[in-house]
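The values are calculated or read from the model by the stated rules, or taken from the named source; none is laboratory data. Because the structure is a prediction, the values reported are computed rather than measured. Quick reminder, even Gly has a Cβ in these numbers, built from the backbone with ideal geometry, and neighbours come from all protein chains shown. The area values use the complete protein model at the heavy-atom level, side chains included, leaving out ligands, DNA and RNA. Shrake-Rupley method; radii C 1.70, N 1.55, O 1.52, S 1.80 Å.
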Amino acid sequence: MAAWRGALAGAALLGGGALAYSFWEARRYRVRELTVPAPRAEARGLRLLHVTDVHLLPGDRRRVEFVRSLAGLAPDLVVSTGDNLSSPAALPALLEAYEPLLGLPGLFVFGSNDYYAPVPKSPWQYVRKALGWQELEGQIEADRPLLPTQALREAFVRAGWFDANNGRGAVRAGGLEVSVVGLDDPHIGLDCLPPAPTGTFVDDAAALRLGVVHAPYSRALEALVDAGAELVLSGHTHGGQLCVPGYGALVTNCDLPRAAASGLSWWQAPAAPSDGAMGADEGGTGTGTGTGTGDRSTRRPGAWLHVDAGIGTAPHTPVRFACAPGATLLTLT
């Protein structure tokens, strides 16, 4: 009996320590730096700052100061991939946080937490999603508080940032033209890529063809890559938020495989069948080579995918484990 009591006490102590550490790690903001192969020589040296999932609450000065500090990296282009707010009252603090970055070239797409304030959810929902027991897309409850979406959009656009929500266009960054194609948040079913007008994306004169979306659902990645994107940036996963050292993310909160929950990976759609035959990878998630074999399939385009672990967390789960928060500076090489 004494041995059992000792084991239970040890387990409680270990669990309490892990919980305390997860609260502490959620505030350890850092800048990650990665290199990405440039699609063509003129893009080499282009620096993209990827900011996502700020999830700001009023009064969170530490997070505000971290976002403000990112301007010191002097990126050529700022890319914000959504989920900026956790409260309708947080907009003034968010604009203060972004203020130094708004003086730089930038573009943005929104996530669900740019439209609706987060509400408490059972962690069991994420386990069910991981096991495929329910639909992956988020459900918008009728009583969820609305966020000041239009005011946020207007502030970004007024600063000269390109609104890439279900849009196409071009921005200038580092003296180069970057073609952009973006989607509104697939997590709440807002993604709808418009047809390409003549003269915009895919643009042979562009140094880089960039795709952006908040939640990296396979259908969204497939649409962006089929539209010509060579590099896709997204957020949403929080890098798994609670990870196991040596194993990685437990869930991604979408149909993206766990191995791609954060960082840089190569994404390619499953091979398309030809002549009525099933493709070798048909029905896959879209991550990996996905090219099929022999005459049974047709090669699909691919792109580099960067999923950022993000800066914040939902206010009801302010913890991270083995998954530090922050932003990423991507340099094309």
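Does residue 54 qualify as being touching a strand residue (DSSP E or B) at 6+ places or on another chain (Cβ under 6 Å), within 24 Å of residue 221 (Cα to Cα) and modelled with pLDDT of 95 or more?
For residue 54, the condition - touching a strand residue (DSSP E or B) at 6+ places or on another chain (Cβ under 6 Å), within 24 Å of residue 221 (Cα to Cα) and modelled with pLDDT of 95 or more - is not met.
Among what's in segment 36-59 and is more than 16 Å from the chain's Cα centre (by Cα), part of a loop (DSSP other than H, G, I, E, B) and touching a residue at least 60 places away in the same chain (Cβ under 8 Å), pick the residue that is farthest from residue 316 (Cα to Cα).
40
On the basis of being touching a residue at least 12 places away in the same chain (Cβ under 8 Å) and in a strand (DSSP E or B), does residue 78 make the cut?
yes
Any residue at all in segment 243-260 that's outside any loop (DSSP other than H, G, I, E, B) and either over 24 Å from residue 311 (Cβ atoms) or in contact with a Cys (Cβ under 7 Å, 6 or more places away or on another chain) (or both)?
The answer is yes; a qualifying residue exists.
Give the residue, chosen from 85, 77, that is farther than 25 Å from residue 173 by Cα and surrounded by 24 or more Cβ atoms within 10 Å (Cβ to Cβ).
Selected residue: 85, the only one of 85, 77 that is farther than 25 Å from residue 173 by Cα and surrounded by 24 or more Cβ atoms within 10 Å (Cβ to Cβ).
Determine which member of the set 302, 263, 284 is at pLDDT below 95 and open to solvent by less than 40 Å² (accessible area, probe 1.4 Å).
The conditions single out 302.
Consider only pairs whose beta carbons are under 8 Å apart and that are at least six residues apart or on different chains; among these, list those whose first residue lies in segment 318-333 and is touching a residue at least 24 places away in the same chain (Cβ under 8 Å) and hydroxyl-bearing (Ser, Thr, Tyr) and whose second residue is part of a loop (DSSP other than H, G, I, E, B) and surrounded by fewer than 17 Cβ atoms within 10 Å (Cβ to Cβ).
Close Cβ pairs satisfying both conditions: 331/45; 333/37; 333/44; 333/45.
Go through segment 305-318 and give me each residue that's surrounded by fewer than 20 Cβ atoms within 10 Å (Cβ to Cβ) and not β-branched (Val, Ile, Thr).
Once the filter is applied, which keeps residues that are surrounded by fewer than 20 Cβ atoms within 10 Å (Cβ to Cβ) and not β-branched (Val, Ile, Thr), segment 305-318 yields 314, 315, 316, 318.
Quick check on this structure: which one of 328, 289 is modelled with pLDDT of 80 or more and either within 20 Å of residue 39 (Cβ to Cβ) or under 14 Å from the mean Cα position of the chain (by Cα) (or both)?
328
For segment 28-40, give me the residue count where each residue is surrounded by 16 or more Cβ atoms within 10 Å (Cβ to Cβ) and over 20 Å from residue 305 (Cα atoms).
Number of matching residues: 1.
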